[in-house]
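Before any comments, here is the structure.
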Amino acid sequence: MYPASALLVLGFDRKTIRRAVLSGDLIQLRWGWFAAANHDTRTASAVRDGGVSTCVDALRFHGLWTPPGHNGLHLRRSSNLSGKNPACRPPSGCVRSAREPVDPIPVALLYAVGCLPLDEWVAVCDSYLNSTGNDVADLLAAMGKPGPAVLRRLRWVDGRSQSGTESIVRVRLRSAGFDVVVQPPVAGVGHADLRVGRLLIECDSVLHHASRADYERDHHRDRRAVVDGWLVLRLTYDDILYDWDGVLADILSITRPDRHRARTPQAIEMIQKSVLQSTLEGNVPSVFDLSTDF
Ligand SMILES: [Zn+2]
C-alpha cells in the first residue's frame, strides 16, 4: 500500500500509475493512496476511511500477541480528514502525519493505550520486548515523549513473560495485591511461569500442548513440583480470558493466610507422616516449612 509520493520515488510516473489502476495492478483506495492487488484488507479499509492502520490492527499486522476481541477497525487519521469509523484516541502529544499505511509498533502501542485495558496493553508490550530482545528503555526511546498515562503503564511491563496470558495473570494478581515472581527457577523443574508464595502458576496458551512431547514434559514437571512440595495451578487460555473471577477466587482460597488452620488434625498428621517418610527416603522437601503455607 503506497501513498502516491512513494510510488513516484519508486520510479512510477503519473501516467504509469494511471495505467496500472486501469489494468487492476493497482487499486486506488482514496485520493493519493494506492494498493497492490494482494493488499492487506484491514489496512486497506483504514486507508479507504481516511486514515492509516494503528493500535490493535497494526500490532496484529506486525505479528505480536494480541488479546481476543477489539475487532472494530483501529485507525488514526489527520484532523482535516473524516471517515465513517471512529479514530483511535491519541494520547497527548501523539498525533503523527500519515506516511506509512501501518504504524510501527511503538506508535501503535501509544494509540492502543486508549483501546486496551492495562493488563492487555502490558501483555502486548511484553510480547514485543520478549520477541525482539529490547528492554523498556528501548521502547520508551522509540515512543518519543509519551505522556504520564503511558509512563505509568510502562512500569508494569516485563519482557521476561513468555506469553500474553502469563502477562495478563501477572498484572491482574499484582493489581489484586499479590507478590508475584516472574519466571522463578524451580529445582528439578526449570522455570515456572509465575510464583506466589509456594504456589506455582503455569499459564497455557491456546497452542500450548501442540505436541505430545509438550504434554508429557508439562505433566512430568507438575509431578516433580508437587513431590517437592509446591502447589501447581495450571490455567488454560479460556480460564484466564473468560473465567478470571473463578481463577482469582481459587487463588485467594489457596493463598489465604489462615489456610493451614483449616486443616483437620488428621490432615496434619498425614502431612507430617508424609514429610517423615520423605526424610527417611532422602527426598526432603527443600522449599518450605510445612508449618506455614506461605
Ligand atoms: Zn484502537
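The values are calculated or read from the model by the stated rules, or taken from the named source; none is laboratory data. Note that the structure is a prediction, hence the values are computed from the model and not measured. Methodologically, a virtual Cβ is constructed for each residue, glycine included, from the backbone with ideal geometry; neighbour enumeration extends over all protein chains shown. In case anyone asks, the SASA skips ligands and DNA or RNA and just uses the protein heavy atoms, side chains included. Shrake-Rupley method; radii C 1.70, N 1.55, O 1.52, S 1.80 Å.
Overview of results
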{"item": "Alpha-carbon centroid distance for the pair region 70-135 / region 170-186, whole angstrom", "result": "27"}
{"item": "Gap separating the Cα centres of region 14-53 and region 195-258, nearest whole Å", "result": "48"}
{"item": "1.4 Å probe accessible area per residue over region 43-133, in Å²", "result": "41"}
{"item": "Listed residues Lys84, Lys15 arranged by accessible area, highest first, probe 1.4 Å", "result": "Lys84, Lys15"}
{"item": "Placed amide H near Leu29: partners under 5 Å, 5+ positions off or other chain", "result": "Phe34, Ala35"}
{"item": "Accessible surface, 1.4 Å probe, highest first, among residues Trp244, Trp156, Trp65", "result": "Trp156, Trp65, Trp244"}
{"item": "In Å², nearest 10: area of Thr236 left accessible to a 1.4 Å probe", "result": "60"}
{"item": "Potential lengthening between Asp245 and Asp13 on full extension [0.36 nm per residue; Cα-Cα distance subtracted]", "result": "77.6 nm"}
{"item": "Relative packing of 187-193, 229-235, 100-106, which averages over residues the other C-beta atoms within 10 Å, highest first", "result": "100-106, 229-235, 187-193"}
{"item": "Percentage relative contact order, region 53-159, counting C-alpha pairs under 8 Å, at least six apart", "result": "31"}
